[in-house]
Amino acid sequence: MPNVKNSSELMTESVTVEGEVIDILPGLEYMVRIDYNGIQHDVKCYVSGKMRTNYIQLTKGDQVRVEISLYDINQGRITYRLTKRAMGQPPRRPKK
C-alpha cells in the first residue's frame, strides 16, 4: 500500500494495464479482457473524455490501455487505443 496522508489521495490512484475489447455494450461502454500474470479478468470500461471528443472508434479485438481504480477493479476507463506500432509490431504496408 502506498504511503498516503489522507483518503482523497488514495481515491485518485489507479492502475494502468493493457487489454483487449471483447464486447461492445450500450452507452459507450465496453467489456475489456485483461491478462495480468496469467490471470484473465473482465472489466466493464467507459471511454475517456479525450477519446470521446476526438471520435475514436473501438471495435472487438482492439488493444486498449485501461485505468482501473484501486477501490473497484470491475470498472475502468479506456484512455488509449493501441496501434500495431505501439504494440511492437511493424506497421502494415499498403499494397501497390
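The values are calculated or read from the model by the stated rules, or taken from the named source; none is laboratory data. Here the structure is a predicted model, which is why all the values come from computation and not from measurement. Glycine also receives a Cβ, built like all others from the backbone with ideal geometry; neighbour counts cover every protein chain displayed.
If I ask for residues that are closer than 15 Å to GLU20 by Cβ and either surrounded by 16 or more Cβ atoms within 10 Å (Cβ to Cβ) or hydrophobic (A, V, I, L, M, F, W, C) (or both), which ones from the stretch 42-64 would you list? Correct list: VAL43, CYS45, LEU58, ASP62, GLN63, VAL64. Restricting the first member to the stretch 63-92 and to residues that are acidic (Asp, Glu), and the second to residues that are modelled with pLDDT of 85 or more, the beta-carbon pairs closer than 8 Å and six or more apart or on different chains are GLU67/SER14; GLU67/VAL15; GLU67/THR16; GLU67/GLY76; GLU67/ARG77; GLU67/THR79.
Per-residue answers, yes or no, for (1) at pLDDT 90 or above; (2) among the aliphatic types (A, V, I, L, M); (3) not in a loop (DSSP other than H, G, I, E, B):
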{"site": "VAL4", "(1), (2), (3)": "no, yes, no"}
{"site": "THR16", "(1), (2), (3)": "yes, no, yes"}
{"site": "GLY19", "(1), (2), (3)": "yes, no, yes"}
{"site": "ASP42", "(1), (2), (3)": "yes, no, yes"}
{"site": "THR79", "(1), (2), (3)": "yes, no, yes"}
{"site": "GLN89", "(1), (2), (3)": "no, no, no"}
{"site": "LYS95", "(1), (2), (3)": "no, no, no"}
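Note down all Cβ pairs under 6 Å where the first residue falls in the stretch 13-41 and is touching a residue at least 24 places away in the same chain (Cβ under 8 Å) and surrounded by 11 or more Cβ atoms within 10 Å (Cβ to Cβ), the second is charged (D, E, K, R) and not in a strand (DSSP E or B), and they're at least six residues apart or on different chains. The qualifying pairs are VAL21/LYS60; VAL21/ASP62.
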